[in-house]
Amino acid sequence: MLGMNKKDTALMIVVAILALGAPILLNPFPTESAMAQFNAGYPDLMQRFAIFGIFAIGFNILFGLTGYLSFGHAAFLGVGSYSVVWMYKLLDYNVIWGLPLAVVTAGAFALLIGYVSLRRSGIYFSILTLAFAQMSFNLAYSVLTPITNGETGLQVYTKDPQVLLGANEANSPHFFGLVMNSSSKIAMGGWEFTFNNGYYFCAVILMVMFYLAIRIFRSPFGMMLRAIKSNNTRMTYTGLNPRPYALAAFVISGMYAGLAGGLMAAMDPLAGAERMQWTASGEVVLMTILGGTGTLIGPVLGAGFIKYFENIFSKINDNILHGWFSFLPDGLEDFVVFIIHPFIGKGWHLTLGILFMLVVIFLPGGLVEGGQRLKKLVTSKKDDSNNTAKTEPAE
Amino acid sequence: MSKTTMTRRGVLKTGAVAGAGVALPTIFTASSAAAYTNEPTGSTVKFGFNVPQTGPYADEGMDELRAQELAIEHINGMGDGGALNTFSSKALGGDGVLGKKVEFVTGDTQTKSDAARASAKSMIEKDGVVMINGGSSSGVAVAVQGLCQEAGIIFMAGLTHSNDTTGKDRKANGFRHFFNAYMSAAALAPVLAKEYGTDRRAYHLTADYTWGWTQQESIAAATEAMGWETVNNVLTPLSATDFSSYIAPVLNSGADVLVLNHYGGNMVNSLTNAIQFGLRDKMVNGKQFEIVVPLYSELMAAGAGENIKGVYGSMNWNWQLQDEGTKAFVQSFGKKYGRPPSNSAQTCYAQTLLYADAVARAGSFNPCAVAEALEGFEFDGLGNGPTLYRADDHQCFKDVLVMKGRDNPTTEYDTLEVVEKTPVAQVTYAPDHAMFGGAEASLGTCNPGA
């Protein structure tokens, strides 16, 4: 279907079901239950899942296929956000102006940074991209304050021109009248599901971008990129110049990042310089590795995993813990809370770090490898039951 | 051929399933239209405390959280009631707010605008809070204030000292109890003139972001008005930890006062560097060289240790004040946590009580009704003396403290002494002051959301 083989079509359908059903799938616990703490089906987090999913898919096109590890992709994220907010300030709140511009400016930045950085490979390439990203961050944070509004973050003021703003137009980001932050809530028994316009906008774009990534992965161009990763020298000997291919991959993944940054500003009309910091660049590397480098679905899973921890675990505090363990005797309750305390709230980094270590050590292929192993476990058991009668040759 | 067997039980079952199927759409309509964002319907109401729990201001954040927890206790009628007993408004009866028990959720701002907005959004969308309080940075305060305005809930700012929060970035749904850079400058300048004379030459080192700039602008204007000369202003990156290369040129510039527009770890490091260079032992232009730190905090003072002896600065509040409100709060805080509260803790405590009180007076959690109750509200008994919440820009006007590093501290908390309580009249400015966005700045209209 649509130029995809059977397996990819199935994957695409799974992604579509996950993306469109997220508001229900991510809210498995009734609103009043104690487990509601772990529900992730609220608009802001779902939007982040989709946006960082796009970011990670794009990053994977560069890192997963060519093996070039960029530590500066957050710069493109920031450039995308600033483009969109500037379009709000100059034209109006319709995201149709900002998003294409975000992709184009991020692409232009990527071309510039990529052209210089790709002269080196390996660790030198990583350091160059990191340096460029830190430069961009510092420029945005203080030097270019007239353009970026520095530490406060770029936002829309009532005195901004907004030349296209109509009389009845929504006063927050929208797509031809589809207001991003409006949502309809549906209560069903003990559950409440929130269907948010902004989330579905992101989800549709995520599906399109995922489809695009599949086509790139399966194209002759994708094969060239894999060739760069597997043996750059041999590729050169066969008479092919790898650099244009690598640069193209760099620009494409930069454009993905720009789109993700643009969508962040489309959901929340503010662009802060922090999203260009090196920690943000590092985060997307973690997402890709955690999910499974070079796989299609891995980066999306990794993005969801990290964002879930950041937003859910960081909000569990001691009071909630005491609530959970109140059935224990006092001394024991305090002891259990004391043990768990370092891993929740501000300690979510610690929990994530431990999980990351476990994944890298035991599942080098990321969450995708975990899934494959589970699948193998299930299917091999089935095989066993079929093959019980078969005699095995002795060693 | 198919065979149909109809039993009584089968008919009943089919009927029940069909009935449920027909009734199903009605549960979709069960969601009622709320009058405003997160209207509390049950027996409880949730407040959101968004404070830095990681990053450079984590210590301040944890102290804010302690105070907020204490405020909730007092509102719900537990503990000794603290400053509720001395508060001039008696609308809160110690039984929650409007008969609802107050609960709270916490979030980590990480002192980053993006992270702060994400955690605030999750509190609004997931936990259904009606108010957000806390924070320890002006950039974060401005960002979260904008978010609350869009979402339609009230933002009660924590520690934010930039003029912009209630200046060019002021919002109808945002309120600030903490003082600002202009007030610091207005309070400090006369004291500096008295102590150091009116013919000084000042050299500014300024943290390179909005708070630093507004503070530098305010201090330079106030000191120049009384005759000082500003020799130079050097911007330092926020991430800097070693300021030696910035301190060295100060000696050759002919300046005799160094103003450090730094906060938190920046200030601790720059002051330490300045002392190591022996600046305060130098004589320049026939005068003793002096250092000024316009914004002080207890945690910074503790970090700088010996080095702050005799250095002037300003504060919003200090636990050593002797009024009834301060005594009640400090006693209550000390009993629970075994330490005196910091001035960022006090502002969050006061903001939480002020919000709850405004709801009680307004008789509704509707943000527009609450904002109306807060606008122009005059109160006393929370530790800052008589205070006004000005309606024009949602800024509190109250006395400002001029502080000095104590020469002989007796305990680890006794590092600063109150030099002067600058009366509120001296630090008041017009709502359309040029440093506060001028005539263009406006609150906009109150947004109840929904």
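The numbered conditions (1) within 22 Å of B:V191 (Cβ to Cβ); (2) at pLDDT below 90 are all true for B:I275 except (2).
Within the range A:247-256, none of the residues are part of a helix (DSSP H, G or I), facing chain B (nearest Cβ under 10 Å) and at pLDDT 85 or above. Residues in the range A:320-354 that are among the charged types (D, E, K, R) and within 13 Å of chain B (Cβ to nearest Cβ): A:K346 only.
Would you check which residues across the range A:101-151 are β-branched (V, I, T) and surrounded by fewer than 19 Cβ atoms within 10 Å (Cβ to Cβ) and list them?
Answer for the range A:101-151, where residues must be β-branched (V, I, T) and surrounded by fewer than 19 Cβ atoms within 10 Å (Cβ to Cβ): A:V104, A:V116, A:I123, A:I127, A:V143, A:I147.
If I ask for residues that are touching a strand residue (DSSP E or B) at 6+ places or on another chain (Cβ under 8 Å) and either assigned to a helix (DSSP H, G or I) or within 9 Å of chain A (Cβ to nearest Cβ) (or both), which ones from the range B:202-217 would you list?
Just the residues of the range B:202-217 that are touching a strand residue (DSSP E or B) at 6+ places or on another chain (Cβ under 8 Å), to begin with: B:202-208, B:212-213, B:215-216.
Across the range B:202-217, the qualifying residues are B:D208, B:G212, B:W213, B:Q215, B:Q216.
Somewhere in the range A:50-67, is a residue of a type outside the set (D, E, K, R), outside any helix (DSSP H, G or I) and either surrounded by fewer than 24 Cβ atoms within 10 Å (Cβ to Cβ) or at pLDDT below 95 (or both)? Within the range A:50-67 (the criterion being of a type outside the set (D, E, K, R), outside any helix (DSSP H, G or I) and either surrounded by fewer than 24 Cβ atoms within 10 Å (Cβ to Cβ) or at pLDDT below 95 (or both)), the answer is yes, since at least one residue qualifies.
Would you point out the residue of the range B:115-141, among those that are out of contact with any strand residue (DSSP E or B) (no Cβ under 8 Å at 6 or more places or on another chain) and in a helix (DSSP H, G or I), that is farthest from the other protein chains (Cβ to nearest Cβ)?
B:V140
When restricted to residues that are hydrophobic (A, V, I, L, M, F, W, C) and under 17 Å from B:G139 (Cβ atoms), the range A:118-176 contains 8. Of the strands (runs of 3 or more DSSP E) lying entirely inside the range B:344-450, the ones with 3 or more residues being more than 15 Å from B:R176 (Cα to Cα) and touching a helix residue (DSSP H, G or I) at 6+ places or on another chain (Cβ under 9 Å) are found at B:400-405, B:416-422.
Does A:T158 meet the test of being surrounded by 15 or more Cβ atoms within 10 Å (Cβ to Cβ) and of a type outside the set (D, E, K, R)? Judged against the criteria, A:T158 is not a match. Here B:A301, B:A274 are screened, and the one residue that is in contact with a Leu (Cβ under 9 Å, 6 or more places away or on another chain), of a type in the set (A, V, I, L, M, F, W, C) and over 22 Å from B:N180 (Cβ atoms) is B:A274.
Taking the conditions (1) surrounded by fewer than 19 Cβ atoms within 10 Å (Cβ to Cβ); (2) within 18 Å of the chain's Cα centre (by Cα); (3) not hydrophobic (A, V, I, L, M, F, W, C) in turn, B:E324 satisfies each one other than (2).
Collect the residues in the range A:311-329 that are out of contact with any helix residue (DSSP H, G or I) (no Cβ under 6 Å at 6 or more places or on another chain) and either aromatic (F, W, Y) or buried (at least 23 other Cβ atoms within 10 Å of the Cβ) (or both), keeping them in residue-number order. Selection gives A:W324, A:F327.
A search for C-beta distances below 8 Å between a residue of the range B:337-348 that is among the hydrophobic types (A, V, I, L, M, F, W, C) and any residue that is assigned to a loop (DSSP other than H, G, I, E, B), counting only pairs 6+ apart in sequence or on different chains, returns B:C348/B:G158; B:C348/B:L159. A single member of A:F217, A:F137 is out of contact with any Ser or Thr (no Cβ under 9 Å at 6 or more places or on another chain), part of a helix (DSSP H, G or I) and within 12 Å of chain B (Cβ to nearest Cβ), and it is A:F137. Restricting attention to the range B:389-421 and to residues that are basic (K, R) and closer than 25 Å to B:S88 by Cβ, the residue that is farthest from the chain's Cα centre (by Cα) turns out to be B:K421. All of B:A360, B:A373 fail the test of being under 21 Å from the mean Cα position of the chain (by Cα), closer than 22 Å to B:I132 by Cβ and of a type outside the set (D, E), apart from B:A373.
Scanning the range A:243-254 for residues that are touching a residue at least 12 places away in the same chain (Cβ under 8 Å) and more than 12 Å from A:I216 (Cβ to Cβ) turns up A:R243, A:A246, A:L247, A:F250, A:V251, A:G254. If you scan the range A:37-46, which residues turn out to be within 9 Å of chain B (Cβ to nearest Cβ) and touching a strand residue (DSSP E or B) at 6+ places or on another chain (Cβ under 8 Å)? Within the range A:37-46, A:G41, A:Y42, A:P43 qualify. On inspection, B:Q110 passes the criterion of being within 12 Å of another protein chain (Cβ to nearest Cβ), at pLDDT below 90, crowded, with 18+ Cβ neighbours inside 10 Å and out of contact with any helix residue (DSSP H, G or I) (no Cβ under 6 Å at 6 or more places or on another chain).
Scanning the range A:158-198 for residues that are more than 8 Å from chain B (Cβ to nearest Cβ) and either more than 24 Å from B:S122 (Cβ to Cβ) or in a loop (DSSP other than H, G, I, E, B) (or both) yields a count of 18.
More than 14 Å from chain B (Cβ to nearest Cβ) and over 24 Å from A:R243 (Cβ atoms): is that true of A:G80 in this structure? So that I can check it myself, show each step before the final result.
Values: more than 14 Å from chain B (Cβ to nearest Cβ): no; over 24 Å from A:R243 (Cβ atoms): yes.
When the stated conditions are applied, A:G80 does not pass them.
Among the residues of the range A:103-112, some residue qualifies, meaning at least one is touching a Phe, Trp or Tyr at 6+ places or on another chain (Cβ under 9 Å), away from chain B (no Cβ under 14 Å), in a helix (DSSP H, G or I) and without any contact (Cβ under 8 Å) to a residue 60 or more places away in the chain.
Among the listed residues A:V85, A:V95, identify the single one that is within 14 Å of chain B (Cβ to nearest Cβ), touching a residue at least 12 places away in the same chain (Cβ under 8 Å), surrounded by 19 or more Cβ atoms within 10 Å (Cβ to Cβ) and under 24 Å from the mean Cα position of the chain (by Cα).
A:V85
Considered as a group, the residues in the range B:218-251 that are of a type in the set (A, V, I, L, M) and within 14 Å of chain A (Cβ to nearest Cβ) include one that is surrounded by the most Cβ atoms within 10 Å (Cβ to Cβ), and that residue is B:L238. The conditions of being surrounded by fewer than 24 Cβ atoms within 10 Å (Cβ to Cβ) and in contact with a strand residue (DSSP E or B) (Cβ under 9 Å, 6 or more places away or on another chain) are not met by B:E150.
Please report, ordered by residue number, the helices (runs of 4 or more DSSP H) entirely within the range B:236-327 with at least 3 residues that are over 23 Å from B:T214 (Cβ atoms) and without any contact (Cβ under 8 Å) to a residue 40 or more places away in the chain. Outline the logic, then answer.
Details: elements: B:244-252, B:265-276, B:298-304.
Fully inside the range B:236-327 and qualifying: B:244-252, B:265-276.
Restricting the range B:38-88 to residues that are within 22 Å of B:D114 (Cβ to Cβ) and out of contact with any helix residue (DSSP H, G or I) (no Cβ under 6 Å at 6 or more places or on another chain), the residue that is farthest from the other protein chains (Cβ to nearest Cβ) is B:Y57.
The values are calculated or read from the model by the stated rules, or taken from the named source; none is laboratory data. Bear in mind that the values here come from a model prediction, so they are computed numbers and not experimental data. Cβ: placed from backbone, ideal geometry, glycine included. Neighbour counts: every protein chain shown.
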